[in-house]
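Here is the structure we will look at, set down as structure tokens.
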Amino acid sequence: MVDGRRWRASAHRAVIIDHPELGKLARRLVWASFAADGTVIESFRLDQDGVPVDARDEALELPDDALIGVAHPVQLGQALDRWHAVFANSELSQPFEQLERAVYRFTPAEAASNELPRFVDREVPTRRLYGLRQHGWELGYDALYRSFGLKQRVVVELDPGIHGGYSYEAEQQVIVAVRCEGGDFGGLDALAASELLRQLERLAA
């Protein structure tokens, strides 16, 4: 969902839907078919027989070459409320935070800038920095780095920084700056922007 993994519909059925364990999890998620540019064509869930159905519980015909992925709430638009109702009425619990996942957006001023001042001077526990590596962040001596696509990179400058390994570091770090190299923050797509802000908010919570 976060990394934009896609399967062709035929592979999605073979690898996910028909798998004895993954299929059970797949029935508790909202999926979407995507156009080549990443926009959602239609969203659906899987019924007990593994048949794709929309929010009205009507069966969908998906061509074998359709691009299928787990839908992020920022991609669902007005359909998000309908899916909330479907899952609530069906008492379907999700295997991870999907429909309830908070969506974050840049302000117009932030989107037009390569600086993100809302996080400056916030203190963060040093131990949390290491956990961000599983989300694609790299940890340097005095900053965190994460690439978005081929051209943009977000840098989070820290003080006093990382110098000798986990057990030797200060317990707290101060965010000195958050900047986007290679363009403004508005150059990130909506999903990347939401997940970036979510990770930084959780880091500095």
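Pairs are defined by a Cβ separation below 6 Å, a sequence spacing of at least 6 or placement on different chains, a first member in the stretch 54-78 that is farther than 18 Å from Thr39 by Cβ, and a second member that is open to solvent by less than 10 Å² (accessible area, probe 1.4 Å) and among the β-branched types (Val, Ile, Thr); the pairs so defined are Ala59/Val53.
In the stretch 175-205, which residue that is assigned to a strand (DSSP E or B) and without any contact (Cβ under 8 Å) to a residue 60 or more places away in the chain is least open to solvent (accessible area, probe 1.4 Å)? Reasoning before the result, please.
So the first thing to find is which residues in the stretch 175-205 are assigned to a strand (DSSP E or B), and the list is 175-181.
Applying the additional criterion that residues be without any contact (Cβ under 8 Å) to a residue 60 or more places away in the chain yields 175-176.
Values: Ile175: 1, Val176: 71 Å².
Out of the qualifying residues, it is Ile175.
Evaluating Arg153 against the criteria (1) open to solvent by less than 60 Å² (accessible area, probe 1.4 Å); (2) touching a Ser or Thr at 6+ places or on another chain (Cβ under 7 Å) leaves one unmet condition, (1).
With the structure loaded, tell me whether Ser147 is in a loop (DSSP other than H, G, I, E, B) and hydroxyl-bearing (Ser, Thr, Tyr) or whether it fails that test. Reasoning before the result, please.
Numbers: in a loop (DSSP other than H, G, I, E, B): no; hydroxyl-bearing (Ser, Thr, Tyr): yes.
For Ser147, the condition - in a loop (DSSP other than H, G, I, E, B) and hydroxyl-bearing (Ser, Thr, Tyr) - is not met.
Scanning the stretch 54-62 turns up no residue that is under 30 Å from His135 (Cα atoms) and either of a type in the set (Ser, Thr, Tyr) or buried (at least 19 other Cβ atoms within 10 Å of the Cβ) (or both). Taken over the stretch 126-143, the criterion of being surrounded by fewer than 14 Cβ atoms within 10 Å (Cβ to Cβ) and part of a strand (DSSP E or B) is satisfied by Glu138 alone. Residues in the stretch 119-132 that are without any contact (Cβ under 8 Å) to a residue 60 or more places away in the chain and either under 24 Å from Gly187 (Cβ atoms) or of a type in the set (Phe, Trp, Tyr) (or both): Val120, Tyr130.
Table: residues versus (1) surrounded by 18 or more Cβ atoms within 10 Å (Cβ to Cβ); (2) of a type in the set (Val, Ile, Thr); (3) modelled with pLDDT of 95 or more.
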| residue | (1), (2), (3) |
| --- | --- |
| Met1 | yes, no, no |
| Ser10 | no, no, yes |
| Ala14 | no, no, yes |
| Ile17 | yes, yes, yes |
| Leu25 | no, no, yes |
| Ala35 | no, no, yes |
| Gly38 | no, no, no |
| Ile68 | yes, yes, yes |
| Val74 | yes, yes, yes |
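The values are calculated or read from the model by the stated rules, or taken from the named source; none is laboratory data. Quick caveat, the model's predicted, so the values are computed rather than measured. Using ideal geometry, Cβ is built from the backbone for each residue, glycine included, and neighbour counts are taken over all protein chains shown. Ligands, DNA and RNA are stripped out before the accessible areas are found, and what is left, the full protein with its side chains, is counted by its heavy atoms. Shrake-Rupley method; radii C 1.70, N 1.55, O 1.52, S 1.80 Å.
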